[in-house]
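As structure tokens, the structure follows; a few thoughts come after it.
A short reminder: the numbers here are calculations on the coordinates, not readings from a lab. If you're wondering where the values come from, they're calculated on a predicted model, not measured in any experiment. Ideal geometry is used to build each Cβ from the backbone, glycine not excepted, and the neighbour counts take in all protein chains shown.
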């Protein structure tokens with residue numbers, strides 16, 4: 001693999017989607033993996049852009065066929081990453097970003113231990129709750145379920161390489177760009193991206 005694989009995870013409401021969008025707008029070298037999901041589209045979400053929206057029967061058939069690199073059930077819905085697309089993008093030298101939950105991240109790391117993990121935390125649990133309630137898109141029952149899961153999700157932070165505290169969006173975005181730059185400067189990634197600069201290592 002010559003491209004760098006980034007795994008970005010966070011509890012619901014931490015600002016993951018906003019930060020990923022901001023990163024992709026300024027870094028054209030990263031390709032976003034569009035996940036498959038059985039979740040219903042929210043207002044403004046476009047099929048094939050936000051997610052590949054499929055029904056549960058279709059999803060389970062794809063899973064059975066081995067089409068997914070990883071999959072997880074989160075808040076009652078299924079999510080998964082296309083295996084063939086990701087492997088072909090990395091092989092072509094493209095950096096790929098997976099915006100997935102900790103369950104998916106754990107599965108991906110077993111297959112790609114060299115992947116760079118970035119975890120996004122809210123400044124506090126109270127702030128996370130305020131953000132979820134302020135969305136106005138979920139029922140009280142859904143919010144309660146997300147909060148119950150968030151504490152366990154946040155404990156997974158120790159499995160990641162970089163941690164971003166999303167208190168100020170602009171600072172958090174700068175931190176995320178810094179993590180991406182740092183990952184690209186690691187020896188293996190730098191050599192894959194600039195092989196001509198390392199020709200001397202192959203000479204006597």
Report summary line: If we ask which residues in region 57-78 are more than 27 Å from residue 163 (Cα to Cα), exposed (fewer than 15 other Cβ atoms within 10 Å of the Cβ) and in contact with a strand residue (DSSP E or B) (Cβ under 7 Å, 6 or more places away or on another chain), their number turns out to be 1
Report task. Output the helices (runs of 4 or more DSSP H) that fall wholly within region 129-203 and possess 2 or more residues being within 18 Å of residue 11 (Cβ to Cβ), or say none. Result -> 140-154, 169-184
Query raised in the report: In this structure, is residue 146 surrounded by fewer than 13 Cβ atoms within 10 Å (Cβ to Cβ) and within 19 Å of the chain's Cα centre (by Cα)?
Result: no
Query raised in the report: From 151, 156, which residue is loosely packed, with under 14 Cβ neighbours inside 10 Å and either touching a residue at least 60 places away in the same chain (Cβ under 8 Å) or farther than 18 Å from residue 39 by Cα (or both)?
Result: 151
Query raised in the report: In region 79-106, what count of residues is obtained for those that are surrounded by fewer than 18 Cβ atoms within 10 Å (Cβ to Cβ) and either part of a helix (DSSP H, G or I) or touching a strand residue (DSSP E or B) at 6+ places or on another chain (Cβ under 9 Å) (or both)?
Result: 9
**Report entry** Among residues of region 117-128, those that are farther than 13 Å from residue 12 by Cβ and within 20 Å of the chain's Cα centre (by Cα), counted
**Finding:** 4
Query - Unmet requirement for residue 159, which otherwise passes all of (1) within 22 Å of residue 24 (Cβ to Cβ); (2) in contact with a strand residue (DSSP E or B) (Cβ under 8 Å, 6 or more places away or on another chain) - result: (1)
Query - Residue in region 30-44 that is farthest from residue 139 (Cα to Cα), counting only those that are touching a strand residue (DSSP E or B) at 6+ places or on another chain (Cβ under 7 Å) and assigned to a loop (DSSP other than H, G, I, E, B) - result: 33
Query raised in the report: Taking the stated definitions as given, is residue 3 part of a helix (DSSP H, G or I) and buried (at least 20 other Cβ atoms within 10 Å of the Cβ)?
Result: no
